[in-house]
């Protein structure tokens, strides 16, 4: 029996038909140190996939329109590869993962979920996962990795894992169908019209748009401990979160680094505001605009509060689809369908616990990047990490690195400035966007 796709899946389907050479995969690996039983881990990976049902998800096209179908019962393939005899096993593993990540995918015929355990040392493996965005969104993939770690850890203790939280009784498609006919849908439409009817066109830091690329430029860095502590102090002082403070700093950076006097940024969201939706496997994630209306004359303290209020409002209406907002308001963007650079808060999705030890989840691909994505995550040592990932058709490696360095410097002055210091009074940018100290 065929079933409809969610709106998010439909957008991904046609994007993949338009750009089949750029697979929209969600790809991660976990660098696991210590004694690992590959057979048990493979069993746990298959079990976690089985609970979500993603191993039996397939797609067909009929009269030019996509549908989801149930594939014959099958298990996710988990390859176990021993690379220890090679001169540099870690480099070999990175090449193996990159080759799999970039391999073209036929979204009708190929397996859309795969995993591997790459043995690179007697006490070290890289646990690799590739899931196509048509099958699961980032929320589901993060939960899938955590669940596999739970099952493995319980098995090692000879215990049964805690019951699965997934519910098959109410699918993502059912949830979206109910939402589109609800009063909440109408309220969300009215909210976004009110928020954006007089908004300026979104502006990219690159000043232009381009098609997505198979590879991206990634630069990441750990926020210094003193700056991290100051961010935490600011967030506690204003009754908000670390993510909001960083979002406010980046919005101010966008204001100072572009010609915009009403900066828009994008916010990547799970679009699962209820417990029922958080228990529904499928594809629901969304990208929504964040308009705080800050200007160069806005004090730092007020900017943080404005971004906090804008975020609360946006999250309250996060299920309304990006494509619907763009279509209804006639927005044209430098960012190829986004509302400016995308902010991704992944503070609770960047580690897994295996046998009582936390390990970092390393992202190799988090979906297509149209312009620039800024991800905030914490690592296994509770350090704050900020990553810039950019479309190489718009930004060179040097440009991304420069923006990353400048933003970290700007972030530090933003959170150490006096409360009533205007954003325009912070150290600004020279003709080539170098930070003026």
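Every number here is computed from the coordinates shown, using simple stated rules; none is lab data. All figures in this text were calculated on a predicted structure; none of them were measured in a lab. A quick note on method: Cβ atoms are made from the backbone with ideal geometry, for glycine too, and the neighbour counts reach across all protein chains shown.
Sticking with the crude label model, points 7 Å out along Cα→Cβ, report the distance from residue 21 to residue 380 in nm, one decimal please.
So the two model labels end up 3.8 nm from each other.
Output the peptides 6-13, 396-403 sorted from most to least packed, where packing is the average of other Cβ atoms within 10 Å over each peptide's residues.
Details: 6-13: 21.2, 396-403: 16.0.
Those peptides, ordered most packed to least, come out 6-13, 396-403.
Where does helix 7-18 land angle-wise versus the long Cα axis of the chain, in degrees 0 to 90, nearest 10?
The angle comes out at about 80 degrees.
With viscosity set to 0.692 mPa s at 37 °C, what whole-number translational diffusion coefficient in µm²/s follows for region 219-334 from Stokes-Einstein and a Kirkwood radius over Cα pairs?
Approximately 208 µm²/s, per Stokes-Einstein.
Using Cβ counts within 10 Å as a stand-in for footprinting exposure, how do 77, 387 rank, fewest first? Walk me through the numbers before you get to the answer.
Details: 77 14, 387 18.
Placing the least packed residue first, the sequence is 77, 387.
What would the Debye equation give as log₁₀ I(q)/I(0) for region 2-156 at q = 0.17 Å⁻¹, counting only Cα atoms as equal point scatterers?
Each listed q corresponds, in turn, to -0.99.
For the chain, what is the convex hull (Cα atoms) projected area averaged across all directions, in square nanometres? Mind showing how you got there, number by number?
Working: hull surface 87.1 nm².
Computing the convex hull of the Cα atoms and averaging its projections yields 21.8 nm².
Just round it to a whole percent: the fraction of Cα-Cα distances in region 129-265 exceeding 17 Å. Could the numbers behind the result be given before it?
Values: 7477 of 9316 pairs.
Here the long-distance tail beyond 17 Å is 80 percent of all Cα pairs in region 129-265.
Give the order of 316, 378 when sorted by the count of other beta carbons within 10 angstrom, beginning with the fewest. The partial results should precede the final answer.
Values: 316 13, 378 19.
Fewest-to-most ranking of 316, 378: 316, 378.
Give the calculated FRET efficiency between residue 418 and residue 312 to the nearest 0.05, with a Förster radius of 22 Å applied to their Cβ-Cβ distance. Walk me through the intermediate numbers first.
Values: r = 25 Å, r/R0 = 1.15.
My answer for the efficiency is 0.30.
Can you pull the three principal axis extents for the Cα set of region 197-239, in Å, largest first?
So the three principal-axis extents are 40, 35, 14 Å.
Return 275, 97, 1 ranked ascending by Cβ neighbour count within 10 Å, so the fewest neighbours appear first.
Working: 275 10, 97 21, 1 6.
With the sparsest Cβ surroundings first, the list reads 1, 275, 97.
Compute the acute angle (0 to 90°) between the alpha-carbon long axis of helix 300-316 and the principal axis of greatest extent of the alpha-carbon atoms of the chain; round to the nearest 10°.
40 degrees
May I have the pair-distance distribution P(r) for region 64-140, computed from all Cα-Cα distances with 5 Å bins from 0 and rounded to whole percent?
Spelled out bin by bin, region 64-140 gives 3, 12, 22, 20, 17, 12, 7, 4, 2, 1, 0 percent.
Determine, from the Cβ-Cβ distance of residue 108 and residue 38 and an R0 of 22 Å, the FRET efficiency 1/(1 + (r/R0)^6), rounded to the nearest 0.05.
On the way: r = 31 Å, r/R0 = 1.42.
E between residue 108 and residue 38, to the nearest 0.05, is 0.10.
What does the convex hull of the alpha-carbon atoms of region 183-425 project to on average, in nm²?
Working: hull surface 55.0 nm².
Quarter of the Cα hull surface area: 13.8 nm².
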